[in-house]
1. Step by step: first the residues of segment 227-251, then only those that are within 11 Å of the chain's Cα centre (by Cα) and among the hydrophobic types (A, V, I, L, M, F, W, C), then the one that is surrounded by the most Cβ atoms within 10 Å (Cβ to Cβ). Which residue is that?
2. Check whether at least one residue in segment 216-226 is among the polar types (S, T, N, Q), out of contact with any strand residue (DSSP E or B) (no Cβ under 7 Å at 6 or more places or on another chain) and surrounded by 18 or more Cβ atoms within 10 Å (Cβ to Cβ), and report yes or no.
3. Looking at segment 224-243, I want the residues that are away from the ligand (no atom under 16 Å from the Cβ) and have a partner that is of a type in the set (Phe, Trp, Tyr) with Cβ atoms under 8 Å, at least 6 apart or on another chain. Which pairs are those?
4. Kindly indicate the residue of segment 252-299 that is β-branched (Val, Ile, Thr) and out of contact with any Leu (no Cβ under 7 Å at 6 or more places or on another chain) and also surrounded by the fewest Cβ atoms within 10 Å (Cβ to Cβ) among those meeting that condition.
5. If you take the residues of segment 114-142 that are within 26 Å of residue 183 (Cβ to Cβ) and among the charged types (D, E, K, R), which of them is nearest to the ligand (Cβ to nearest atom)?
6. Every residue in segment 93-118 that is among the small types (Gly, Ala, Ser) and surrounded by fewer than 19 Cβ atoms within 10 Å (Cβ to Cβ), please.
7. Please enumerate the residues belonging to segment 143-158 that are crowded, with 22+ Cβ neighbours inside 10 Å and within 10 Å of the ligand (Cβ to nearest atom).
8. Among what's in segment 178-216 and is of a type in the set (S, T, N, Q) and in a loop (DSSP other than H, G, I, E, B), pick the residue that is nearest to the ligand (Cβ to nearest atom).
Amino acid sequence: MRRTRTLAGFGIATVALLALTACNSGTPSSTGTSGSDEGDASSSTPWTVEEDVTIEGSPTFDRISSSGTVKVGVKEDQPGLGYLDPVTGERTGFDVDIARWMAASLGVDPEKIEFQAIASANREQAIVNGDIDYYVGTYSITDKRKEQIAFAGPYFVTGQGLLVAADSDIASVDDLDSSTTVCSATGSTPIQNIKENYPEVKTKEYDTYSKCVEDLKNGQVDAVTTDEAILIGYAAQDPDNLKVVGEPFSEERYGIGVAKGDDALVEYFNTQLTDGGDIWQQIFDNNLGASGVKAEQPEVDPVG
Ligand code: GLU
């Protein structure tokens, strides 16, 4: 396989990315009922902060209600899903808004949410350690992860895809071979899938996907692989030079990661997701509606 050419003009890749991001920060434009005020550009939100919440038998909720704050793990380099604008300091994205909605459902005001960026490889440990109360960030529900933590949801379903240079010959996963290098995040399901099912393909790993995208732009790798919803966000920032190719080749069901054994919190979150009316759709439309990502709200899994 021909190695994809180094893309011209990406010596200033970061600057270009920031500039594009600034134009497209994905600020929600919802006109839904405004029950909480973020104090930033997303001043109108489709959810309301609940009052007098009680959740019997949830150690996580007990901790949240005694401290008055909620610690939430997220991603912050995934535009459209979990993103921290380096210029404005604003957090945006579908996952971030799901996290805010769940915080509001627990009765926590938006300014009492402490977001923490946690890389794919460190999520289970952060939950096990109690560093965070819950995690919302492209976190696929898997049996292996369920050995250590529990998941509410799923709240979103996507599949593994490939991001390549606009002039690449790679059109699908079948074009990967021993002459191609694919980049993904350590501890993620996509890197595991490549290693297990496409062992001849060379791999490179970072803690984040944005580092993989930098390498792709610099010609250091031939493709970036992770969930299509994530890749579409990167491609949208640089459509002249990046494209998502092929059909999804896995199913990734995103859950809200919580402490194992806290079934009361899982059930509470599941009820919010199920009984939220059109909140999910509004969050989707605000963050991913224009992206080309197609999705319907999935049914949640029963606890256990
Ligand atoms: N959804 C996949 C996973 O949980 C890939 C995205 C990510 O690393 O967050 O591993």
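1. Among those that are within 11 Å of the chain's Cα centre (by Cα) and among the hydrophobic types (A, V, I, L, M, F, W, C), it is 230.
2. Just the residues of segment 216-226 that are among the polar types (S, T, N, Q), to begin with: 218, 220, 225-226.
When the remaining residues are screened for being out of contact with any strand residue (DSSP E or B) (no Cβ under 7 Å at 6 or more places or on another chain), the result is 218, 220.
Next, from what is left, pick out any that are surrounded by 18 or more Cβ atoms within 10 Å (Cβ to Cβ): none.
No - not one qualifying residue is present in segment 216-226.
3. Every condition considered, the pairs that remain are 241/10; 242/234.
4. Filtering segment 252-299 for residues β-branched (Val, Ile, Thr) gives 256, 258, 266, 271, 274, 279, 283, 293.
Within this subset, residues satisfying the condition of being out of contact with any Leu (no Cβ under 7 Å at 6 or more places or on another chain) are 256, 266, 271, 274, 279, 283, 293.
On the way: 256: 28, 266: 27, 271: 13, 274: 11, 279: 24, 283: 29, 293: 22.
The extreme case among them is 274.
5. So, considering only residues that are within 26 Å of residue 183 (Cβ to Cβ) and among the charged types (D, E, K, R), the one nearest to the ligand (Cβ to nearest atom) is 123.
6. Here is the first cut: in segment 93-118, the residues among the small types (Gly, Ala, Ser) are 93, 99, 103-105, 107, 117.
Residue satisfying the conditions is 117 alone.
7. 156, 158
8. To start, the set of residues in segment 178-216 that are of a type in the set (S, T, N, Q) comprises 178-181, 184, 186, 188-189, 192-193, 197, 203, 208, 210.
Subsequent filtering for residues that are in a loop (DSSP other than H, G, I, E, B) retains 178-180, 186, 188, 208.
Numbers: 178: 24, 179: 25, 180: 20, 186: 9, 188: 3, 208: 9 Å.
Ranking the candidates gives 188 first.
None of the figures in this text is laboratory data; all of them are computed from the coordinates on show. These numbers were taken from a predicted model, which means no experiment stands behind them. Because the Cβ atoms are built from the backbone with ideal geometry, glycine has one as well, and the counts that use them run over all protein chains shown.
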